[in-house]
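Here's the structure, in structure tokens; my notes come after.
A short reminder: the numbers here are calculations on the coordinates, not readings from a lab. Everything numeric in this text was worked out from a predicted model, so none of it was measured. Reconstructed Cβ throughout: ideal geometry from the backbone, glycine too, with neighbour counts over all protein chains shown.
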Amino acid sequence: MSHLTHPKGKIWIALDKGTFQEGEPVVGKIHVEAEEYIPSIGLKVEARVVESWNEMVWVTLPNNQRIQENQRRTNNLYQRDVQVTGATDFGKGPAREFPFSVGIPPCRATRGGSSVQNLLKAVLQVKGRPDMTNETQIAFVPAGAYGSMPMNVGYGPGPMPAGYGPNPGYQPNPGYGMPPMNKGYQGYGQPGYGVPPPQQQAPSVKVRCKYCTGLMDANASNCPTCGAHQ
């Protein structure tokens, strides 16, 4: 009855990255870990693009009654098998890995309400026993959806436009980016910036008191020397 039992071991797919662009090959490794001696006919990957949808169909019950039932329908839009290795025997021990690359073209749904899945299955074909399999789904993005962007100033190393840095021959004018220096203009940080200039007082006029002939201001009402009213 050993030909009916599944081989003891594990098989899984490790992709080189989580998302691929449409049109680029899907690259990764198949890992096989055997827990017993497994004579393999070969190792392959099966690429499938499957469209699925729900559809109401008429079904006949055992009592000949006909009813409508919602059933899941599928359709293969693309399929391709790629042989990774030929006949290989596996013994109990650490996992072995096998690199692969397979192309999956972009496929679109052919009907409204359906979904499209990109699937990849690893198949270890075992002589006289059920195959070891493992399936994973592939995520694609439209071509050009991501990639390298031109490096501009402020975004890391890259070409620097002329006039923005230590380029040969670039000589900015003094005060570049500042208002013109008009006569009497005081720049920021210079003495007196933002403070109105002090008002100069006119020199006072002196006259002599008509009583004691002492000097006094011309607009004074009393002499500071004798106190006489002027």
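Spin-label pair Tyr37-Lys17: with each label point 7 Å from Cα along the Cα-Cβ axis, the two points sit 4.4 nm from one another. Footprinting exposure proxy ranking of Leu77, Leu120, fewest other C-beta atoms within 10 angstrom first, gives Leu77, Leu120.
Considering only Thr74, Ala95, Val32, the residue lying farthest towards the positive end of the dipole of the stretch 2-141 is Thr74, judged by Cα position with unit charges set on Cβ. Val27 sits among other residues whose Cβ lies under 11 Å from its own Cβ, and their net charge, with Lys and Arg +1 and Asp and Glu -1, is 0. Remark: His31, His6 ranked as His6, His31, counting other beta-carbon atoms within 10 Å and listing the fewest first. Given +1 at the Cβ of Lys and Arg, -1 at the Cβ of Asp and Glu and no other charges, the dipole of the stretch 2-141 around its Cα centre is 220 debye to the nearest 20.
Using the empirical formula 2.2 N^0.38 Å as the baseline, the Cα radius of gyration of the stretch 2-141 reaches a ratio of 1.32. With neighbours defined as other Cβ atoms within 10 Å of a residue's Cβ, the residues Ser114, Ser52 order from fewest to most as Ser52, Ser114. A simple count of charges around Ala220, restricted to other residues whose Cβ falls under 13 Å of its Cβ and scoring Lys, Arg +1 and Asp, Glu -1, yields +2. A simple count of charges around Leu77, restricted to other residues whose Cβ falls under 15 Å of its Cβ and scoring Lys, Arg +1 and Asp, Glu -1, yields +2.
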